[in-house]
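Accompanying notes for the structure given below.
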């Protein structure tokens, strides 16, 4: 879609975007789309998900069910279909794209990136990019053999999962069977394989937000981040790195996103070790670590994504150093109440609560966003504010 014409929401001329997945990242995309007058429909597997609270309409379905997915797409007949989570029947999206529906960035890119086997083989075998050594396994016997060949320590995760679910670091032989069962239990989607990959003791890791537009590819300032158990915990922008390493990272990001094609924002995750760049993963949509851009850039990653998929020009200008830090639940609760009295008093800081109706131990419920003269100062502010949010 490369037109600057946008219809009127809820009218016959409406430009409609159907979002598959309605989490906190989708919530921000819906808000940005509505600012441009776009009609928005949010779909997820449970009621009152964050994006549903701001979208024009919503549907609750099992998106892994191809018939249910097709039914909601045909009913809404959207101009654009934007996948936001991994647990989607991508074969249905591929089939419907052939019928004329427009999947962002493309149905094939969505299928490849939601399956770690597909994207890893594309990066390592087709594009010949540096990656960690890896093997795939389905049975426990194959898994044990793969761990032996890759070596301990190693990292294991389902080929389809997100936010660290199902991920383990095997540090001894005693961890092997536990890691295998955890990966199978926590998998999202229909993939049954597990990836076993080399443990890389990297110096740091970054997300390079890469925006493919009708006007060329734009690369945002690098975002440094820390993950705990495979899940994003804090991020900061810009991440300090040498010019040579930055150029390597940009080259990898361009090659991967060019191979995937389509328009939109991609979150390219990279490890940096001894100044060398190692490809990790790529998401064909806004990235959780990129929430920091809501305070650091002239256009957040969410606005960049929406504008790119609508064929509009984008601005990736960095305005100020900043940081984000997650607000996590410590126990399971329904209908949580948040006390932000102390958190909102932290200077140069904003609190964003996602509106998830159910708390689970370790689940992201919000984020603190801070700006400062340096990223180190911003990280201190964001962490301080996040820890001051009390969940009653």
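The values are calculated or read from the model by the stated rules, or taken from the named source; none is laboratory data. Computed from a predicted model, the values in this text were never measured in an experiment. Heads up, the Cβs are rebuilt from the backbone with ideal geometry, glycines too, and the neighbour counts pull from every protein chain shown.
Below are the figures for this structure:
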{"read-out": "Hits in segment 124-139 - residues which are in contact (Cβ under 8 Å) with a residue 40 or more places away in the chain, in a loop (DSSP other than H, G, I, E, B) and more than 13 Å from residue 256 (Cβ to Cβ)", "value": "132, 133, 138"}
{"read-out": "Residues being more than 28 Å from residue 23 (Cβ to Cβ) and modelled with pLDDT under 90 - total across segment 163-207", "value": "0"}
{"read-out": "Selection count where residues are in a strand (DSSP E or B) and either surrounded by fewer than 24 Cβ atoms within 10 Å (Cβ to Cβ) or touching a helix residue (DSSP H, G or I) at 6+ places or on another chain (Cβ under 7 Å) (or both), scope segment 9-32", "value": "4"}
{"read-out": "Meets criteria (part of a strand (DSSP E or B) and either more than 30 Å from residue 127 (Cα to Cα) or assigned by TED's automatic domain parsing to the domain that holds residue 51 (or both)) for residue 366", "value": "yes"}
{"read-out": "Test: residue in segment 57-80 that is touching a helix residue (DSSP H, G or I) at 6+ places or on another chain (Cβ under 8 Å), closer than 16 Å to residue 286 by Cβ and not assigned by TED's automatic domain parsing to the domain that holds residue 311", "value": "yes"}
{"read-out": "One residue from 88, 41 being assigned to a strand (DSSP E or B), touching a residue at least 24 places away in the same chain (Cβ under 8 Å) and under 22 Å from the mean Cα position of the chain (by Cα)", "value": "41"}
{"read-out": "Count of residues meeting criterion [touching a helix residue (DSSP H, G or I) at 6+ places or on another chain (Cβ under 7 Å), buried (at least 24 other Cβ atoms within 10 Å of the Cβ) and closer than 14 Å to residue 220 by Cβ] in segment 288-320", "value": "6"}
{"read-out": "Flag for residue 213 being in contact with a helix residue (DSSP H, G or I) (Cβ under 8 Å, 6 or more places away or on another chain), crowded, with 17+ Cβ neighbours inside 10 Å and within 14 Å of residue 280 (Cα to Cα)", "value": "no"}
